[in-house]
Amino acid sequence: MSGAIGLIVEGYVSLKDQKSLGELRMQRRKLIADLNACTGIDCTSTIQQIEEDIVVIEAGLARLDGPMTS
């Protein structure tokens, strides 16, 4: 898990802020689209890291969608 994104996701999950997690995921997806549109530079490793961030974000979203324990 990426350190910074993991802490951000944990914060949003603890606040039950599904909207912000969704926006974070959308922003990361837009970044990937923008990087894929770049020519003349190799963005492969950056795109891979952003994809890993999305996995962490989606895991946080899944935790919010999962059964609530009280």
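The values are calculated or read from the model by the stated rules, or taken from the named source; none is laboratory data. Small disclaimer: the values here were computed from a predicted structure and weren't measured. In this analysis, Cβ positions are derived from the backbone assuming ideal geometry, glycine residues included, and neighbour counts consider all displayed protein chains. What goes into the accessible areas is simple: the full protein's heavy atoms, side chains included, and nothing from ligands, DNA or RNA. Shrake-Rupley method; radii C 1.70, N 1.55, O 1.52, S 1.80 Å.
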Count - residues of region 45-70 that are over 18 Å from residue 10 (Cβ atoms) and either within 17 Å of the chain's Cα centre (by Cα) or surrounded by 10 or more Cβ atoms within 10 Å (Cβ to Cβ) (or both)
7
For region 34-43, check the following and say yes or no: at least one residue is assigned to a helix (DSSP H, G or I) and within 14 Å of the chain's Cα centre (by Cα).
no
Picking from 30, 16, the residue that is open to solvent by 90 Å² or more (accessible area, probe 1.4 Å) and in a helix (DSSP H, G or I) would be 30
What's the total number of residues in region 1-21 that are in contact with a helix residue (DSSP H, G or I) (Cβ under 7 Å, 6 or more places away or on another chain) and not aliphatic (A, V, I, L, M)?
6
